[in-house]
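Beneath this line is the structure, given in structure tokens, with notes to follow.
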Amino acid sequence: MNIPFSKPFVKKIHDDTAILPSQVSGKMKIYGYETETLMTVSATGALEMMGLLLDLKAGDEVILPSFTYAATANAFARTGAKLIFGDIDPDTMNLDPVSVEGAVTDRTKAIIPIHYGGVSADMDKLTKIGHANNIPILEDAAHCIGAKNGNRLLGTIGDMGCLSFHPTKNISCGQGGALFINREFWEEPAKECLHQGTDRMAFYRGDVSEYTWQRLGGAYTMNPYSLKALYETLDFIEAVTLERQKVWQNYYDGLKTLEDQGVLKLAKIPKYATFNAHIFYVLTPYRQALLNYLSEAGIQAYTHYEPLHLTKIGQKLSENRGRLSQTEKAASELLRLPIYSGMTEMEQAYVIEKIKHFFK
Ligand SMILES: *Cc1c(COP(=O)(O)O)cnc(C)c1O
């Protein structure tokens, strides 16, 4: 059997009527997301916009996990701000509030949690730290379409947040992202930033007779073809999420005995998190051997992030306040199993059986 790690969920465009440039941004309600939503070229683009809107500069600091994709770091490092890496909670792989608290200074300009695998970070505690120190929370919710903390969708809880529709995510439109502006005073600046820093949106509304350069921005709008594809793909989001959750639960139930025997560790989903099963992982000190064994059985399993603080560029641009021992442990033990919409029960059973056999 050959089991790929993932299969992108993209749909063909059926409706080829033109989308006007003015519709590419502005108030768009997708999948119950009620806040101001700007459709962006990518999650990376949305994160860069956050950095521009905060007007970050050299001497400023932002706190983020080291256990994340380079995109999270790039967007803020390019402003000149220093990256301060916090450690993660070993149950969820999410930014540990205790570590964040110890890293805050009067130079801290943003706290940037990611929600690993679509499982919410501890937003109550992070928000408390943010409020107490007057620091905005920016959610990298790239994994999180449809996932929640309590009854709030991830990406809409902090001051700003973003989603990704990259082919590796639960649903895709080739390339694209969304930026959520959850504070009213950033709404107009964000729209300007989206359109090369011009007041083009005000022009579309008829508020100004021509549009001019107002602030730093970029070509951050999602292209209209991707947007069409995305709107058609969004109709499938609930079905896709349900299918992935079934695979996730099946893996969990099938591998629980191994966790009880102490040979591997599984994720612990906090009570406040309604997750979208973006990632299923196991943690084991025998990761490399397990990966090789699965690979020989035709099963594509992947490790994940190399901690950013251990890379050369990461060291140049960052500082860690305290040891990042949980980050380093997770990075050396974490293995992601295949999970995708359309994965058959036979394929799932095969993966579980092979893992059990490995640990015999
Ligand atoms: C995928 C991903 C991104 C980047 O998403 P793009 O839409 O490809 O720019 C950013 N952060 C995290 C945590 C991601 O997994």
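The values are calculated or read from the model by the stated rules, or taken from the named source; none is laboratory data. Model, not experiment: these values are computed from the prediction. Cβ sites come from the backbone with ideal geometry, for glycine too, and all protein chains shown count toward neighbours. Accessible surface areas use protein heavy atoms only, side chains included; no ligands, DNA or RNA. Shrake-Rupley method; radii C 1.70, N 1.55, O 1.52, S 1.80 Å.
Report relative contact order for segment 21-235 in percent, whole number only (criteria: Cα-Cα under 8 Å, sequence separation at least 6).
23
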Phi angles of segment 126-131, converted by Karplus (6.51 cos²θ - 1.76 cosθ + 1.60, θ = phi - 60°) into ³J(HN,Hα) in whole Hz with x for Gly and Pro, give 5, 5, 4, 4, x, 4
A correct Karplus calculation of ³J(HN,Hα) over segment 328-345, with 6.51 cos²θ - 1.76 cosθ + 1.60, θ = phi - 60°, whole Hz and x for Gly and Pro, returns 5, 5, 4, 4, 8, 10, 7, 10, 8, 9, x, 8, 6, 5, x, 5, 6, 4
Note: Leu266 to Thr168 extended length (0.36 nm per residue) minus current alpha-carbon separation gives 33.1 nm
Pick from Thr156, Thr327, Thr79: which is most flexible by mean-square fluctuation in a GNM of the chain where alpha carbon atoms under 10 Å apart are linked? Thr79
When the helix-only estimate is applied to the chain (DSSP H runs of n ≥ 4, each -39,500 (n - 2.57), divided by the residue count), what is the mean residue ellipticity at 222 nm, nearest 500 deg cm²/dmol? -10500 deg cm²/dmol
For Ile299, what residues show an amide H to amide H distance below 5 Å, using hydrogens built from the backbone and excluding near sequence neighbours? Ile3
Could you tally the net charge around Tyr305, taking each other residue with its Cβ under 12 Å from the Cβ of Tyr305, Lys/Arg +1 and Asp/Glu -1? -1
Average accessible surface area per residue within segment 21-235, 1.4 Å rolling probe, Å²: 37
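Can you tell me what the convex hull of the Cα atoms of segment 21-235 projects to on average, as an area in nm²?
11.3
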In whole percent, how big is the carbon plus sulfur part of the accessible area of the chain, probe 1.4 Å, protein atoms only? 51
Pairs of Cα atoms under 8 Å, at least six residues apart: use those to get the relative contact order of the chain, whole percent. 23
Which net charge results for the neighbourhood of Ala43, defined as the other residues with beta-carbon distances under 12 angstrom from its beta-carbon, given Lys and Arg at +1 and Asp and Glu at -1? -2
Could you bin all the Cα-Cα distances of the chain into 10 Å bins starting at 0 and give me the percent of pairs in each, rounded to whole numbers? 5, 24, 32, 24, 11, 2, 0, 0
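With a 10 Å radius around each residue's Cβ, average the other Cβ atoms per peptide and rank 55-65, 106-116, highest first.
106-116, 55-65
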Any idea what the relative contact order of segment 205-360 is, in percent, if you count C-alpha pairs under 8 Å spaced at least 6 apart? 29
